[in-house]
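What follows is one structure encoded as structure tokens, with my remarks underneath.
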Amino acid sequence: MATAHELHTHENDAVSKGSRIVAVAIDGSTHSAYALDSLFKFNKQNLATLMDEQVEKVNKDLHAAREKMRNRNVKGKVRAMFSSNVGHAICHAAEEEKAVFIIMGNRGHSMLRRTVTGSISNYVINHSKIPVMVCRQNH
């Protein structure tokens, strides 16, 4: 019997030199089956479309934030940041802008989920050099 660390391979499973390898975690759930199916839908055109949609959404969100500030006669800067460590990016941007206070939202994840996946607001609270206020919307 195979151990948990052994891979079951076949002759035709060999990857050609220079190929990119993608790991897909499968646990038998419908979610992992969907993840595997999404791999087959992936191509350069789909990626370009997804990126264009994300850029459009970011620009729309930035515009909405600018309008909300303008309508309330609040002067300020609206800027987008792209980072694999969002909490760090928020702290860094606040320092760059010489902010004296950070206000941010909270998704309201459970303690277990925050422990497993981390929390951006927890990161900012623990790493910011200035005061942070976290606002949680009640549902």
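Overview of results
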{"quantity": "Quotient of C-alpha Rg and 2.2 N^0.38 Å, computed over region 53-95", "calculated": "1.30"}
{"quantity": "Proximal charge balance of PHE82 [Cβ under 14 Å; K/R count +1, D/E count -1]", "calculated": "+1"}
{"quantity": "Summed residue charge, Cβ within 12 Å of GLU67's Cβ, Lys/Arg positive, Asp/Glu negative", "calculated": "+4"}
{"quantity": "Residue-level accessible surface for ASP61, protein heavy atoms, 1.4 Å, Å²", "calculated": "80 Å²"}
{"quantity": "Entries of LYS60/LYS98; LYS57/LYS77; LYS60/LYS129; LYS17/LYS44; LYS75/LYS98 with Cα pairs more than 23 Å apart", "calculated": "LYS60/LYS98; LYS60/LYS129"}
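The values are calculated or read from the model by the stated rules, or taken from the named source; none is laboratory data. Since the model is a prediction, treat every value here as computed from it, not as a measurement. Methodologically, a virtual Cβ is constructed for each residue, glycine included, from the backbone with ideal geometry; neighbour enumeration extends over all protein chains shown. We work out accessible area using only protein heavy atoms, side chains counted, and drop any ligands, DNA or RNA first. Shrake-Rupley method; radii C 1.70, N 1.55, O 1.52, S 1.80 Å.
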